[in-house]
1. Give just the number: which of (1) farther than 16 Å from I2 by Cα; (2) modelled with pLDDT of 70 or more does L87 not satisfy?
2. Any chance you could count how many residues in segment 1-38 are within 22 Å of the chain's Cα centre (by Cα), open to solvent by less than 70 Å² (accessible area, probe 1.4 Å) and closer than 21 Å to K62 by Cα?
3. If I filter segment 53-83 down to residues being more than 25 Å from K111 (Cβ to Cβ) and open to solvent by less than 50 Å² (accessible area, probe 1.4 Å), which single residue comes out as modelled with the highest pLDDT?
4. Any idea which residue in segment 224-236 is modelled with the highest pLDDT, counting only those that are open to solvent by 20 Å² or more (accessible area, probe 1.4 Å) and in a loop (DSSP other than H, G, I, E, B)?
5. Out of (1) assigned to a helix (DSSP H, G or I); (2) over 28 Å from I104 (Cα atoms); (3) free of Cβ contacts under 8 Å to residues at least 60 places away in the same chain, what's the single condition that is false for E193?
6. Which of the residues that make up segment 39-52 are open to solvent by 50 Å² or more (accessible area, probe 1.4 Å) and among the small types (G, A, S)?
7. Looking at the structure I just gave you, is P169 open to solvent by 20 Å² or more (accessible area, probe 1.4 Å), within 30 Å of I104 (Cα to Cα) and in contact (Cβ under 8 Å) with a residue 24 or more places away in the chain?
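The values are calculated or read from the model by the stated rules, or taken from the named source; none is laboratory data. Everything quoted here is computed from the prediction, not taken from an experiment. Heads up, the Cβs are rebuilt from the backbone with ideal geometry, glycines too, and the neighbour counts pull from every protein chain shown. Remember, those area values only see protein heavy atoms, side chains included, never the ligands or the DNA or RNA. Shrake-Rupley method; radii C 1.70, N 1.55, O 1.52, S 1.80 Å.
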Amino acid sequence: MIEDNKSVSEMMGMFFQKEKWDASFAYDGNEAVDMFNASPNDWDMITLDLNLPGKDGMEVAKEIRKVSKTVPIIMLTARDTESDQVLGLEFGADDYVTKPFSPITLIARMKAIHRRDENMAEKLAESKNVNATVEEADDGFDINTGFFKLNSSTREAYLNDKEIPDLTPKEFDLLKTLASKPKQVFSREQLLELVWDYDYFGEERTVDAHIKKLRQKIEKVGPQVIETVWGVGYKFDDTTARAEA
């Protein structure tokens, strides 16, 4: 936990202990980066305050992502604006919780991300056991429309044979969920349940923030394939990509 407010850290330390989780605490950005870099494989998850002395949360997230693309980061922020949330996601956060927050809510978010990581690891292990001739036949892609391709094992996605760059774990999972059922409309509530594995109880804007960043990355390589269905949610539709191809 990277948090300059020691009373918050002490409070959460009691909750972590109750869950039987081993936790370490850093109280400024420079200390946090040094701790992470000293043993980057030791951390299963990071909670990161946005407002820190030394280096702020954005800079810390950027430094951590230089070393690890996959360690989950939950950003804690008193800034409740979409631009700050999008910026946090851009710098590598997987999720955010706005202050003041309930410790029980934060614990639930952490458990949900951990469950998804475990499920992902199980699926990856299963995929390695698939008959090699089958993998060779479909080129290893879970989804392949001829215009859009996605490989869960390598965590890569392509549009018109161009790789969509720098996808965060959550952006990849969100894209996979939408693309797995083209033209089906997913509500924000459904996406929260499927991608984040828990309810946000009103904090659905995190879906919009992730969609915004995902669209920006898609547009670097081709036409937009994620559409907004006003009043409902989002859907994947590569019809435009087909037409341009």
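1. (2)
2. 7
3. Once the filter is applied, the top-ranked residue is E63.
4. Only one residue tops the list, namely Q224.
5. (2)
6. none
7. Taking the combined requirement at face value, the residue satisfies it.
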